[in-house]
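Novice: I'd like to ask some things about the structure below.
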Amino acid sequence: MGEFIRNCRLCRKQMESGPFMMCTTCLVESDRIRSFITKNPYVSVEEISLATNVSVEKVERMVDLGVNKNNYKRKSKLYNL
């Protein structure tokens, strides 16, 4: 039986099947983001990205997937919310 390949939920790159839905890199980055958000609630995506060295797009995808939504305040560039 061959190996089962699937895509990482966060970066969408191919990875070997395993117990996690994200690749190793994204797991490390998501842990870094969760830790930052826990220590700094109600921060913007841009602040999270700068502090964790993770792209804004990846941080937004994490939020869309449901990572700590209660401690996150999305700041829109258009409406300055």
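Throughout, read-outs are computed from the coordinates displayed, never taken from laboratory work. It should be emphasised that the depicted structure is a prediction, and the values quoted were computed from it without experimental measurement. Quick reminder, even Gly has a Cβ in these numbers, built from the backbone with ideal geometry, and neighbours come from all protein chains shown.
Novice: Once label points are set 7 Å from the Cα along Cα→Cβ at both Ser55 and Glu3, what is their separation, rounded to one decimal in nm?
Specialist: 2.3
Novice: Order these peptides, 52-61, 17-26, by their mean beta-carbon neighbour count within 10 angstrom, highest first.
Specialist: Top of the packing list down: 52-61, 17-26.
Novice: Going by amide H atoms built from the backbone, whose H comes under 5 Å of the H on Val43, apart from near neighbours?
Specialist: Residues meeting the criterion, in which the H sits 1.01 Å from N, are Lys73.
Novice: Sticking with this structure for a sec: What list of ³J(HN,Hα) couplings, whole Hz, do you get for the range 25-36 from phi and the Karplus terms 6.51, -1.76, 1.60, once you set θ to phi - 60° and write x for glycine and proline?
Specialist: Each residue of the range 25-36 in turn: 4, 5, 4, 5, 5, 5, 5, 4, 5, 4, 4, 5 Hz.
Novice: Taking 0.36 nm per intervening residue step and subtracting the Cα-Cα distance, what contour gain separates Ser44 from Val28 on full extension?
Specialist: Length gained, Ser44 through Val28: 3.7 nm.
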